[in-house]
Each structure stands twice: as structure tokens, then as C-alpha cells.
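One structure coming up, written as C-alpha cells, with questions to follow.
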Amino acid sequence: MPDKMETIVSLCKRRGFVFPSSEIYGGLANAWDYGPLGVELKNNIKQAWWSRFVHRRDDVVGLDAALLMNPKVWEASGHLQHFTDPLVDCKKCKQRFRADHIVPATSAKPDLGKQVEPPKGKAVCPNCGGELTAVRQFNLMLKTFLGPVEDSGSSVYFRPETAQAMFVDFKQVQAVTRKKLPFGIAQVGKAFRNEITPGNFIFRTREFEQMEIEFFVRENEWEWWFEHWLSEMKGWLKFLGVAETDLNFREIPDGERAHYSKRTIDIDYHYPFGSKELYGLAYRTDFDLQRHAEVSGADLRYTDPQSGEKFFPHVIEPTWGVDRSVLVTLLSAYAEEGSGDKKRVVLKLPKTLAPYRVAVFPLLANKPELTKLAREIYDDLRKTFNVAWDDRGNIGKRYLSQDEIGTPACITVDFDSLKDGAVTVRDRDTTKQERVKIGELIEYLIKL
Ligand SMILES: [Zn+2]
């Protein structure tokens, strides 16, 4: 499949997973809306993550912090000073580029988003060949103003990551939950980065969503917990249906990590547009709590309940991008099977993540007795699952339509159903059909 990315983008638009934002006004560059099916898939991913890493563990608690925080947070975290990309402008056509995208990378962490051949000799504009300005540092935080006056005193930033709230609220959360080390704080939420060159569909956007955990440990146990979270992240990727061969666990060498991190692994995925970052795992030492204590004056140390000793906990930080999770789940699930008349496109999504868990059809739309029974089943199942209804065209076309959006099972109510109280259930992956008693449907679908 040479154009797998195009195929996915077009499927997403056609079926209402993801489409360009505010399209009737010409859209907004790299802003995307999740449609009726996309929001279900995305919510299912977030809920599965929350259930797996918060509800099913007794050492992680949740948080939902404000997007706008006191600007001092970003001073303490280093984002105001260091969260920058090198930027150049073309003097002729006025286009902007990331300097490390058009000249051989000099930055610590080259990210060759859209690969452009490094020009020989002096770098010129890849667009028109014009002369470029000197490199300037461009801060990636999205700035806005609070209140009616637009001056520097009212400027605030949309958070560029969810992480800082977990550090700033550490004392609060620990006090109200009485959690002892080791324990973590989890958060799912939006973050914003004013990227110079976003792109590749929902891979890199200026507004995106993160799932993050800051896991607080004692310094002497960080290595064990680092391995633990690496293995948890692997388990999650398996759950999403991502093949191990599509992944690359990249150990970030000394000198390329953030200065405070003693170990970082980037989990890269082989996207159709190249091998690029999907998730990250970092050991951040006690840098963040120390910094916030220093700048705010608050005592953010943890008191050992036995010895009474006070110290700054160390932090292991696993980070998952929500939008990238959606993208790799779709890429991993997409399959084309058969040929000619038998050809079908099927999204083999993990069954609990599929936008609809099941679809219900009356065999024929113009037979009121079939429609009535099918409608009753549909209404009943909707108390437990998100259920699709379709009575257009023939059954074969309805199957194909549900396969394409990943619905794990299709239920058909036929004339026999009126007599034997059973329906035909057709499986998405095997296309095999089975008769199931109407009263046993919920149990059957849960087992599936
Ligand atoms: Zn130019």
C-alpha cells in the first residue's frame, strides 16, 4: 500500500472519523475535527487508558488541571527560556522554516519532519531559492491575554504539556490522598505548541491531547520503575493492536537528552511518512519539584512516614499522545482483503475500541414486523453499547459499510427470527455467521 496515509485520511473524512476544521471557511492549517466516529474511537482510547493506568492500579490517582496556569510555572519549568525551535525566514517569499529542517541539524534533537535535502554551500529557501535570514529562536508556547488589557502583565500561555500541573499540585494531591511513595498522578488533556512546521494529518498539530503520568519514586528505585513503565507502555501498544515490528525503542544518548534527564527512551513508530516519535519515557530526576520549590518558595518535599526524613521525590514520566494513538490504531487496524466482488476494507480495531460495538439490521426495510423486532433489539442493546442501525440497501453492502468502520459484529433480524427468537450474528474478522438467541445477545457480545 504505497499511499496508506492518503487512504487513511480519505477514509477518515468519508466516514466521519476526522476532517479539516472549519472547512466552510477554507479550514485552518493543521487543525482537525474528530467527527461522530472519531470522537467515539478517541474517547474509547482515553477511557481504556484511564481504566488501565488509574482505576486498575492503586498507586496512581487522577487530575484534571486548568489549561491556563500562572506564567511563573513556565519560568520555573524552563519553557519560557528554552522551549524554542530555531527559525529562519525567506527574505524573498517570506515563508518560515525550521532551520534544522533545511540546514544540517545542529540542534540537540534533530527532528527532520519534512525531509529536505541539505543544500550544498549556503542554505537557501527550499521554496523559491531566496536568501534566508539569520537563525532566531522562536518560543513554541501559545500566548494569549487574560482580561480586557493586552499588555505583558496580562499575558498567559496555553500549557505546552500537561506534566507541570502534576508537579505544581504534587503536595495537594499527596495530602488529600495520603499516598505513600511510590505513587503517580495521571492526567489526560489538551496541550498547545505553536509548531513552525506541523503536518502529516493528526501526527503533528498545534492543538493536541496528551495522556501523562508523573510517577514519584525514591531516588534509589528509579531504574526498577523505569523498566516497569517501559513494560507497561509495551503492553498498551499491544492492546492497541500495534505490531512490534512497526516500533523502534530509541535510547536517547548522553548529550541529546534534556539536561536534567538521566535516561530517556523515545518510542518511534514506522509511519508511512517515516519513523517518528509516538510516545516517550523519561527519568526526570527531582529537577521539576526542586525548581518549583525554588521559584515558588513552597515546600514540595515528601516526608517519609517512618523516618520523618524530608526529600524531593524523583520522577519517572511516561507520555502518550492521544492523537498519535488514534493514528497508529487506525494504521495498524487497516486491512484490504479479497479481490474483485469479494474485496473488502476492514478496520480490525480492538473490539472494545471500535466506535460501534455492534450494528443491527432488519433483513428487509419494508417489512414492518422485521423492523419492529430489530428496533426493539437495537433499543435494548443501546443500554449497554454504542450501537449502529442500518436498513438501507442490501445486507452485503451493510456488512461492507460496517467493516470499513471496524464494527465487530452485525446482527440481522430475518423472518426466522419471528419464529425462533434468534438472530444471525456476523463476525467482522472471520465473516462467519452464527444464530444467537435474542436474550443471550449481550452476554455473547461481551464475550466476543
Ligand atoms: Zn522563498
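If you check residue 193 against the conditions, is it loosely packed, with under 14 Cβ neighbours inside 10 Å, without any contact (Cβ under 8 Å) to a residue 60 or more places away in the chain and more than 16 Å from the ligand (Cβ to nearest atom)?
In short, no.
Related question: Of all residues in segment 289-325, which are exposed (fewer than 13 other Cβ atoms within 10 Å of the Cβ) and either polar (S, T, N, Q) or assigned to a helix (DSSP H, G or I) (or both)?
Listed by number, the residues that qualify are 294, 303, 306, 307.
I'd like the full set of residues that are more than 12 Å from residue 282 (Cα to Cα) and in a strand (DSSP E or B), limited to segment 201-238.
204, 207, 208, 209, 210, 211, 216, 217
Separate question: Give me the residue from segment 157-176 that is open to solvent by 50 Å² or more (accessible area, probe 1.4 Å) and in contact (Cβ under 8 Å) with a residue 60 or more places away in the chain and, out of that set, farthest from residue 75 (Cα to Cα).
171
If you don't mind, another one. Conditions: (1) within 16 Å of the ligand (Cβ to nearest atom); (2) open to solvent by less than 20 Å² (accessible area, probe 1.4 Å). Residue 35 meets all but one. Number of the miss?
(1)
Is there a residue in segment 147-155 that is assigned by TED's automatic domain parsing to the domain that holds residue 224, surrounded by fewer than 20 Cβ atoms within 10 Å (Cβ to Cβ) and touching a strand residue (DSSP E or B) at 6+ places or on another chain (Cβ under 6 Å)?
Kept after step one, since they are assigned by TED's automatic domain parsing to the domain that holds residue 224, are these residues of segment 147-155: 147-155.
When the remaining residues are screened for being surrounded by fewer than 20 Cβ atoms within 10 Å (Cβ to Cβ), the result is 147-155.
Remaining after also requiring touching a strand residue (DSSP E or B) at 6+ places or on another chain (Cβ under 6 Å): 154-155.
Yes, segment 147-155 contains at least one residue that is assigned by TED's automatic domain parsing to the domain that holds residue 224, surrounded by fewer than 20 Cβ atoms within 10 Å (Cβ to Cβ) and touching a strand residue (DSSP E or B) at 6+ places or on another chain (Cβ under 6 Å).
I would also like to ask the following. Quick check on residue 76: is it away from the ligand (no atom under 16 Å from the Cβ), at pLDDT 90 or above, out of contact with any Cys (no Cβ under 9 Å at 6 or more places or on another chain) and not assigned by TED's automatic domain parsing to the domain that holds residue 185?
For residue 76, the condition - away from the ligand (no atom under 16 Å from the Cβ), at pLDDT 90 or above, out of contact with any Cys (no Cβ under 9 Å at 6 or more places or on another chain) and not assigned by TED's automatic domain parsing to the domain that holds residue 185 - is met.
Every residue in segment 253-262 that is in contact with a Ser or Thr (Cβ under 9 Å, 6 or more places away or on another chain), without any contact (Cβ under 8 Å) to a residue 60 or more places away in the chain and not basic (Lys, Arg), please.
The answer is 258, 260, 261.
Please enumerate the residues belonging to segment 132-146 that are open to solvent by less than 40 Å² (accessible area, probe 1.4 Å) and assigned to a loop (DSSP other than H, G, I, E, B).
140, 141
Can you tell me how many residues within segment 146-182 are more than 15 Å from residue 289 (Cα to Cα), of a type in the set (A, V, I, L, M, F, W, C) and touching a Lys or Arg at 6+ places or on another chain (Cβ under 9 Å)?
Final tally of qualifying residues: 2.
Follow-up question, since we're still on this one. Name every residue in segment 407-442 that is under 16 Å from residue 346 (Cβ atoms) and among the β-branched types (Val, Ile, Thr), in order of residue number.
407, 430, 431
Matching residues to (1) of a type outside the set (Gly, Ala, Ser); (2) over 27 Å from residue 236 (Cα atoms); (3) modelled with pLDDT of 95 or more:
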site: 282; (1), (2), (3): no, no, yes
site: 291; (1), (2), (3): yes, yes, yes
site: 296; (1), (2), (3): no, yes, yes
site: 333; (1), (2), (3): no, no, yes
site: 336; (1), (2), (3): yes, no, yes
site: 343; (1), (2), (3): yes, yes, no
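For segment 57-70, does any single residue satisfy the condition of being within 22 Å of the chain's Cα centre (by Cα), away from the ligand (no atom under 16 Å from the Cβ), over 27 Å from residue 155 (Cα atoms) and part of a helix (DSSP H, G or I)?
no
The values are calculated or read from the model by the stated rules, or taken from the named source; none is laboratory data. Worth saying up front: this structure is predicted, and the values here are computed from it rather than measured. In this analysis, Cβ positions are derived from the backbone assuming ideal geometry, glycine residues included, and neighbour counts consider all displayed protein chains. For accessibility, only protein heavy atoms count, side chains too; no ligands or nucleic acids. Shrake-Rupley method; radii C 1.70, N 1.55, O 1.52, S 1.80 Å.
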